[in-house]
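Just below is one structure, and these are the notes that go with it.
The values are calculated or read from the model by the stated rules, or taken from the named source; none is laboratory data. From a predicted model like this one, the values you see are computed outputs, not experimental measurements. Here Cβ is always computed from backbone atoms with ideal geometry, including for glycine, and neighbour counts include all displayed protein chains. SASA here: full protein model, heavy atoms, side chains in, ligands and nucleic acids out. Shrake-Rupley method; radii C 1.70, N 1.55, O 1.52, S 1.80 Å.
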Amino acid sequence: MKSRIVERFKFEAAHAVIIDGKPEETHGHTFRLEVTVEGELKRGYVMDFLELRRIVNEIIGKLDHRNLNTLFENPTTENVALWIAGELKKRLPEGVRLQRVVLWEGDENGVEFEF
């Protein structure tokens, strides 16, 4: 039986998205991240919540309190979410699959990817 687990995270970062070739003013957000993974139940769980939390915190630790323009050519919420997803896919244990990533830029604007 396949099952899913969900974890939520927060990090703070600044960025200036490039729109029509021009960067907007640099500004900051509290980003909220939701990660869903799925897999077969083994020993009663998909994967240990603490292990998933450790993996995600390592990834978002590279973004927290940073200017995202120093890390991304164009640090849109979409580009940041896809980067997080790629890093997660590399680090998840065998048999656990990334199912969904949602990244909120503040309280109103977000992006969602399903895999």
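Which of the residues spanning region 48-66 are within 19 Å of residue 105 (Cβ to Cβ) and either exposed (fewer than 12 other Cβ atoms within 10 Å of the Cβ) or of a type in the set (Gly, Ala, Ser) (or both)? 61, 65, listed by residue number.
Across region 12-47, the number of residues qualifying as more than 20 Å from residue 99 (Cα to Cα) and either exposed (fewer than 11 other Cβ atoms within 10 Å of the Cβ) or not polar (S, T, N, Q) (or both) comes to 18. When region 70-91 is limited to residues that are farther than 13 Å from residue 15 by Cα and in contact with a helix residue (DSSP H, G or I) (Cβ under 7 Å, 6 or more places away or on another chain), the one that is most open to solvent (accessible area, probe 1.4 Å) turns out to be 91.
Per-residue answers, yes or no, for (1) among the basic types (Lys, Arg); (2) in a loop (DSSP other than H, G, I, E, B); (3) out of contact with any strand residue (DSSP E or B) (no Cβ under 8 Å at 6 or more places or on another chain); (4) in contact (Cβ under 8 Å) with a residue 24 or more places away in the chain:
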| residue | (1), (2), (3), (4) |
| --- | --- |
| 10 | yes, no, no, no |
| 38 | no, no, no, yes |
| 52 | no, no, no, yes |
| 56 | no, no, no, yes |
| 88 | no, no, no, yes |
| 93 | no, yes, yes, yes |
| 97 | yes, no, no, yes |
